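The next block holds one structure in the form of structure tokens; read it before the comments.
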Amino acid sequence: MLDLFQLVLQIAVILVAARIVGFLFQKINQPQVMGEMVAGILLGPSLLGWLAPGVSAALFPPASLSYLNALSQVGLVVFMFVVGLALNPSELHGYGHAAVLTSHVSIVAPFCLGGLTALYLYPRLSDDGVTFTGFALFMGAAMSITAFPVLARILSERGLVRSRMGTLAIACAAVDDVTGWCILAYIVVLVRVTHAARPAWVTIAGSIAYVLIMLFVVRRILPAFERAFRKRDRLTDNLVATIVVLVLASALATEWLGIHLLFGAFLMGAIMPKTPEFTRYLLHKFESVTVVLLLPLFFAYTGLRTRIGVGGGRAIWFYSAIVIVVAITGKLGGSMFAARLAGMPWREAASLGILMNTRGLMELVILNIGLDIGVISPAMFSIMVLMALVTTFMTTPLLEWVYPTRLLRAQVDEIHKNVA
Amino acid sequence: MYLLLVGVPVLGLLGILEAGRSIAAPLSIGGEWALESTPTADCANPPGSLQRQLAWSVSQSGNQALITLHDGYGTTLQATIDGATFTAKSPVASITATIAGKLDQRTLEGKVTLLGCAPVAFHAVRQAPRKRGA
């Protein structure tokens, strides 16, 4: 039965922890979201459950977590809509050879290295309930993801959005995001079909029909919202509610088809009209409550499932080191190498690689899906969460080291002079 | 250049997926289990909660597993899987069992020893494997 007092207390504790740790991380030039992710881990068995198991058990008893999970899933549905909304397909045009090569290599290189690592980790951290193909593809997809929202925020904070490297990074991250989610959708279908009562053809044919309907029917209806916005410079509450219902309907459709409800929310955001004012308005409407209230709940729920260094002995730390090295080599190294071959100077190519290596909360979203569908084990989940934290944490200091702010400002000033 | 940097690794990935098919992973025991056992009378100081224990859940990562007894106290045992042999230990109990059956009909057959008691034979049936696609 729902213990409302406990749920509200949990939310309050999570929000306080998220704001405090987020603030502290901002003080060391890390994005707020990095601190919130760490706050979630600190509230779980990796710290609070280890230091004060009694407090942890009283505050987060296992039976109460389903409510926290439900709230965090609703938050993720809205968040994925926001991510899709912020994705502008027109950004993918006009970057030519460098963007195509860099984005594709930045997916393929970590994907292959992830698959290669799976050869070693599958017999050690998986079981015969998961096929090697499912495990290896998931490892590849998880290694190749880039946190589009975190990357955009870092670029914005450093005034890099309009630089050549910044625009290229956004274009590549957008390609990576779409590709990563498509691959993940395939993996989810692959895993679910072998265990579901529904025939595979229903999922496959239904998914194709769903995408076609979204692209050729729903997408043509959506500009009506934008026209209504232009008339009054705002949307009525009824129209905002209609958008929410459309997001939920799309999420339910993909969940029913056996993909995952987050894909539906993401696709609905991706096909929304992309005029800057309309997008800004919707982002403002949806982002605040999601980012401030619901995402910290997701981080906390993730943290409660993560047991960094708890059990497993030295071997777990060894596997963690392998995963982190492979993830950085594949993503950072692959992107940097491809950008350099496409003609970028070393410094910019290295910076692009560092930015693409940011995995952030998109990685956590994917890992939670993997754990939910059983394609990764709890230990593998914890290792990958640690990898997501390390690769996200290293972005800002590494970027400052490779491409100091003073150099960046000089470059941006020069661009402004040339434009003038 | 594109073919070299993208096409070749994709072919390599296909090779990895093919090579991985022959790799065997530890037997899956994760999920909820129901036990059938005969409570022993040969027990100096019977830990009643465990004696009545009829279910447990297993969280598995490779050949390591964590068993949580549904005893109201959340008693846990660290377990190891070696082939078809399953052993688990904690300060209050130890389990040795053989894993049998196909993936969807997995069973455990063995003995559970509670602190201060004689070993008790048990037969456990997996009720639901680790959640997949739910």
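Say each of A:LEU293 and A:ARG227 gets a label point 7 Å from the Cα, pointing the same way as Cα to Cβ; how far apart are those two points in nm?
3.3 nm
Taking 30 Å as R0, compute the FRET efficiency from the Cβ-Cβ separation of A:ALA12 and A:ALA205 and round it to 0.05.
Numbers: r = 46 Å, r/R0 = 1.55.
About 0.05, to the nearest 0.05.
Report the extension gain between B:LEU115 and B:THR85 in nm, rounded to one decimal, defined as 0.36 nm multiplied by the number of residues separating them, less their alpha carbon distance. The partial results should precede the final answer.
Numbers: separation 30, 0.36 × 30 = 10.80 nm, distance 2.16 nm.
Contour length minus the Cα-Cα distance gives 8.6 nm.
How many nm is it between the label spots at B:THR68 and B:ALA55, if each spot is 7 Å from the Cα in line with the beta carbon?
Rounded to a tenth, the inter-label distance reads 1.3 nm.
For the stretch A:1-54, what is the largest minus smallest coordinate of the Cα atoms on each principal axis, given in angstrom and ordered from greatest to least?
42, 23, 12
Check A:ARG158: other-chain or 5+ apart residues with amide H under 5 Å from its amide H, H built from backbone geometry?
none
Please turn the phi angles of the stretch A:242-250 into ³J(HN,Hα) values with the Karplus equation 6.51 cos²θ - 1.76 cosθ + 1.60 (θ = phi - 60°), one per residue in order, whole Hz, x for glycine and proline.
Each residue's phi maps through the Karplus curve to give 4, 5, 4, 5, 5, 4, 5, 5, 5 Hz.
Each residue of the stretch A:41-53 in order: what ³J(HN,Hα) in whole Hz does its phi give by Karplus 6.51 cos²θ - 1.76 cosθ + 1.60, θ = phi - 60°, with x for Gly and Pro?
After applying 6.51 cos²θ - 1.76 cosθ + 1.60, I find 5, 5, 7, x, x, 5, 10, 4, x, 8, 6, 9, x Hz.
Just round it to a whole percent: the fraction of Cα-Cα distances in the stretch A:269-350 exceeding 16 Å.
Summing the P(r) of the stretch A:269-350 above 16 Å gives 74 percent of all pairs.
Tell me which residues come under 5 Å, amide H to amide H, from B:ASN63 once H is placed; ignore anything under 5 positions away on its chain.
Here the answer is none, since no amide H 5 or more places off falls under 5 Å of that of B:ASN63.
Express in nm, to one decimal, how much length is gained between A:LEU283 and A:LEU212 on full extension, taking 0.36 nm for each residue of separation and deducting their alpha carbon distance.
On the way: separation 71, 0.36 × 71 = 25.56 nm, distance 2.55 nm.
Length gained between A:LEU283 and A:LEU212: 23.0 nm.
Among all the aspartates and glutamates, which ones have a C-alpha under 12 Å from B:LYS102's C-alpha, if same-chain residues fewer than 8 places away are not counted?
A:ASP128
Using only the alpha-carbon atoms of the protein assembly as shown as identical scatterers, what base-10 log of I(q)/I(0) does the Debye formula give at q = 0.09 Å⁻¹?
Summing over Cα pairs of the protein assembly as shown leads to -0.71.
Taken together, the values in this text are just the output of simple stated rules run on the coordinates, not laboratory data. Model, not experiment: these values are computed from the prediction. Neighbour counts run over all protein chains shown; Cβ positions are idealised from the backbone, glycine included.
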